[in-house]
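Engineer: One structure coming up, written as C-alpha cells, with questions to follow.
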Amino acid sequence: MDLLRVKIWRGGESGGFATYDVPRQGDQTVLDVVTYIQRQLEPSLAYRFACRVGMCGSCAMTVNGVARWTCRTHVAKVEIDGGLEIAPLRNLPVIKDLVADMREFFGKWKKARGHFVATATRRDEFARISPETPQRKAADAAIECIGCGVCYASCDTVSWNPEYLGPAALNRAWTLFNDVRDGARAERLQDVAGDAGCQGCHTHLSCGERCPKRLQPTAAIAGLKRATALAAMRGKL
Amino acid sequence: MRNDLRSRNHRCFWAFLVHRVSGVALSVFLPLHFWVLGQALEGAGRLESFLRWTDHPLVKLSEIGLVLLLAAHLSGGLRLLLLEFRPWPAAPRWQQGALALTAGVSAAFGLLFALNVL
C-alpha cells in the first residue's frame, strides 16, 4: 500500500512534530489525512473543521510551511516526496496540536470597527445602491472574506508588530468604509490609522498571495492609506 | 510561531527583499560618494588619484553592481508608488506584471552601463 509520511504538530507552543503513516488515496485532501489520523491512529489529536467545502474558514493550517485551507488542498498538490508537514496557523497562540487561538485575530476585527453601524431602521425604505458606483465596486472586490486567518498567519508585519491589525481586519474596515449606508465611517478611519493600522503595512503582498479566495487585502490597505491621508489633510483625523 | 522561507517564497516578497537590501546598500554607499566628492575641495590631485583607482577592473565591476542596485531601487520604488496610489483595477494580479517590468528595467540599465564600461 502506498503510504504518506505525515508530520503533525503535537502539544502547545513548546510541542514538537510526531510522524504518522497514512494510506494514500485518490483525490485525498489534507483534511482527509488529518481526519484519518484522528479517527484511526491518534484519537487525542485536536483540530478544527466544520463545512469541509471551503465555506466556513475554520480548517486553515500550515501545510509544508504555507498557510492553507486543508479542506480545499489536495495532497497531490502539496506533498513533497510522499511527505506532509502539518502545523497550526502561524502568528497565533497554539491551544493544542493543530488548533490555534483565534481570539486575537477576531479581537482585531473589533478594534478596526469591523461591524456595520446602521443609520436606518426597518421602517425606512430599502437603500438603493447602484452596483456601478466606484465605492460599491471597491466594497464588492473585498467583501468575500470568510475570516479563515490565512492572510493573518502569512503576514510578516503581524510577526514584527503584534499590535498590527492585520490584513483581514483592515480589509473588512475597507469594505465598510465604502458602504455609504454605514454611520461610523469617519470613526473607523481613526481606528485604522497609524503604525498598528494601515500605515504599518510593508507591502509584502503575502496576504493576497496566500488568500484562498484570491482577495487582495493589500489593495484594501492601500485604499485606507489614501483615505486616511486625505482625512488628515482635511483636518478630520 | 513565525513563518519561514517556505511561506515567504513568492515573487512579491522577493521584490520587497530586493528593495530593502538595495536601499540599505545604497544608503551605505551614499556617504562614501559624498566623501569622494569632498576630496575635490582638498585639491585636484587627491581626487585625481582616487579617480585613477576607479579605473581598476574590479572597481568597474562593482560600479555595474551599483547601477543595478540603483535601477532596481528606482523601478521597485515606482512599483510601490503605483501600488499605493493607483486604485487597483478588477484584475488583481497586475502587480506581477509590474514586477516583471521592474526586473526588466533594472537588467536593461545594468546591461547598458556594462556595455558602456567594458
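The values are calculated or read from the model by the stated rules, or taken from the named source; none is laboratory data. All values derive from a computational prediction rather than experimental measurement. Here the Cβ positions follow ideal geometry from the backbone for every residue, glycine too, while neighbour counts run over all protein chains shown.
Engineer: Can you tell me which of A:84, A:45, A:31 is part of a strand (DSSP E or B) and modelled with pLDDT of 95 or more?
Structural biologist: A:84
Engineer: Check residue A:102 against each of (1) out of contact with any Phe, Trp or Tyr (no Cβ under 8 Å at 6 or more places or on another chain); (2) of a type outside the set (Val, Ile, Thr); (3) surrounded by fewer than 16 Cβ atoms within 10 Å (Cβ to Cβ); (4) away from every other protein chain (no Cβ under 14 Å) and name the one condition it does not meet.
Structural biologist: Every condition holds for residue A:102 apart from (3).
Engineer: Of the residues B:66, B:58, only one is more than 14 Å from chain A (Cβ to nearest Cβ), over 30 Å from residue A:222 (Cβ atoms) and in contact with a Phe, Trp or Tyr (Cβ under 9 Å, 6 or more places away or on another chain); which?
Structural biologist: So the residue among B:66, B:58 that is more than 14 Å from chain A (Cβ to nearest Cβ), over 30 Å from residue A:222 (Cβ atoms) and in contact with a Phe, Trp or Tyr (Cβ under 9 Å, 6 or more places away or on another chain) is B:66.
Engineer: Just give me the residues in segment A:168-180 being in a loop (DSSP other than H, G, I, E, B) and away from chain B (no Cβ under 14 Å), in sequence order.
Structural biologist: Hits for segment A:168-180 are A:179, A:180.
Engineer: Here is a further query. Taking the criterion of being over 30 Å from residue A:94 (Cα atoms), among the β-branched types (Val, Ile, Thr) and outside any helix (DSSP H, G or I), would at least one residue in segment B:9-24 satisfy it?
Structural biologist: Within segment B:9-24 (the criterion being over 30 Å from residue A:94 (Cα atoms), among the β-branched types (Val, Ile, Thr) and outside any helix (DSSP H, G or I)), the answer is no, since none of the residues qualifies.
Engineer: Could you please find all residues in segment B:69-87 being of a type outside the set (A, V, I, L, M) and either within 14 Å of chain A (Cβ to nearest Cβ) or touching an Asp or Glu at 6+ places or on another chain (Cβ under 6 Å) (or both)?
Structural biologist: B:76, B:77, B:79, B:84, B:85, B:86, B:87
Engineer: I'd like the full set of residues that are within 14 Å of chain B (Cβ to nearest Cβ) and over 21 Å from residue A:111 (Cβ atoms), limited to segment A:181-205.
Structural biologist: Correct list: A:203, A:204, A:205.
Engineer: I'd like the full set of residues that are aliphatic (A, V, I, L, M) and touching a Phe, Trp or Tyr at 6+ places or on another chain (Cβ under 8 Å), limited to segment A:163-218.
Structural biologist: A:168, A:169, A:176, A:189, A:196, A:205
Engineer: Which is modelled with pLDDT of 90 or more and within 12 Å of chain A (Cβ to nearest Cβ), of B:25, B:90, B:15?
Structural biologist: B:15
Engineer: Here's a follow-up. Got a sec? Which of B:58, B:26 is in contact with a Leu (Cβ under 8 Å, 6 or more places away or on another chain) and closer than 23 Å to residue B:115 by Cβ?
Structural biologist: Unique residue meeting the criteria: B:26.
Engineer: Here is a further query. Return the residues of segment A:201-214 that are buried (at least 19 other Cβ atoms within 10 Å of the Cβ) and on the phi < 0 side of the Ramachandran plot; say none if nothing qualifies.
Structural biologist: Across segment A:201-214, the qualifying residues are A:201, A:204, A:206, A:207, A:208, A:209, A:210, A:211.
Engineer: Run residue B:55 past the list (1) exposed (fewer than 11 other Cβ atoms within 10 Å of the Cβ); (2) part of a helix (DSSP H, G or I) and report the number of the one that doesn't hold.
Structural biologist: All conditions are met except number (2).
Engineer: Now a separate question. Any idea which residue in segment A:136-167 is surrounded by the fewest Cβ atoms within 10 Å (Cβ to Cβ), counting only those that are more than 17 Å from residue A:60 (Cβ to Cβ) and more than 11 Å from chain B (Cβ to nearest Cβ)?
Structural biologist: A:162
Engineer: Any idea which of (1) among the acidic types (Asp, Glu); (2) within 18 Å of the chain's Cα centre (by Cα); (3) away from chain B (no Cβ under 11 Å) is the one residue A:209 doesn't satisfy?
Structural biologist: It fails just one condition, (3).
Engineer: Please identify the pairs in which a residue from segment A:128-157 that is without any contact (Cβ under 8 Å) to a residue 24 or more places away in the chain has its Cβ atom under 9 Å from the Cβ atom of a residue that is assigned to a helix (DSSP H, G or I), counting only partners at least 6 apart or on another chain.
Structural biologist: So the pair list comes out as A:130/A:136; A:131/A:137; A:131/A:140; A:140/A:175.
Engineer: How many residues, within segment A:211-232, are over 15 Å from residue A:166 (Cα atoms) and assigned to a helix (DSSP H, G or I)?
Structural biologist: Residues meeting the conditions: 7.
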